[in-house]
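Read-outs throughout are calculated quantities, based only on the coordinates presented, and are distinct from any laboratory measurement. Source: prediction; values computed, not measured. Note: ideal-geometry Cβ built from the backbone for every residue, glycine included; neighbour counts use all protein chains shown.
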Amino acid sequence: MGPQIPDPDEPVLVRSYSFVDEADRAKSLLDAFGVLAFVREAAPRGDLSPQLLLRRADLARALELLDGRDHSADLASVPEAHLPPAPDELCPRCGSEALERVRRNQFDDGLRRLEGMIVLMLTAGQVRWGLDRGVRCRSCGHEWRR
């Protein structure tokens with residue numbers, strides 16, 4: 001009988017860690033590069049440290065990625081998932097995503113505007129009365145406060 005060929009889908013131990021968050025960071029790095037891994041957490045009695053496991057077929061790639069070097073340049077080429085915008089990221093009037101932040105003045109009449117500017121000058125800008133962050137839609141021009 002010849003040598004037995006190992007199953008490429010068999011889970012293998014890559015590394016053991018002292019803390020679960022270390023194993024989770026390593027798993028996140030592997031996930032970012034498309035290497036499926038999972039963390040086996042420590043046993044309640046403390047006789048097993050957190051372990052990072054993955055498929056035998058991915059072992060060489062995982063060891064290469066976990067070599068300790070900075071992979072930020074490699075991650076720049078990984079496409080990010082595009083999630084649909086949240087409801088507060090859309091214009092309530094036209095539904096456009098083309099929004100920009102604007103500073104609006106709350107003081108509509110001249111006297112209140114002057115009053116607000118005096119307060120700003122006297123407090124050396126510590127109080128931000130009169131200035132409000134708003135949002136403007138670049139598509140239809142609608143403005144509102146968030």
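What to note about this one:
- Remark: spin-label model distance V12-C94 equals 5.7 nm, labels positioned 7 Å along the Cα→Cβ axis.
- Computed FRET value (nearest 0.05) for S72 with L36, which takes r as the C-beta separation and R₀ as 25 Å: 0.70
- Sum of side-chain charges, V12 neighbourhood, beta-carbon under 13 Å (Lys, Arg +1; Asp, Glu -1): +1
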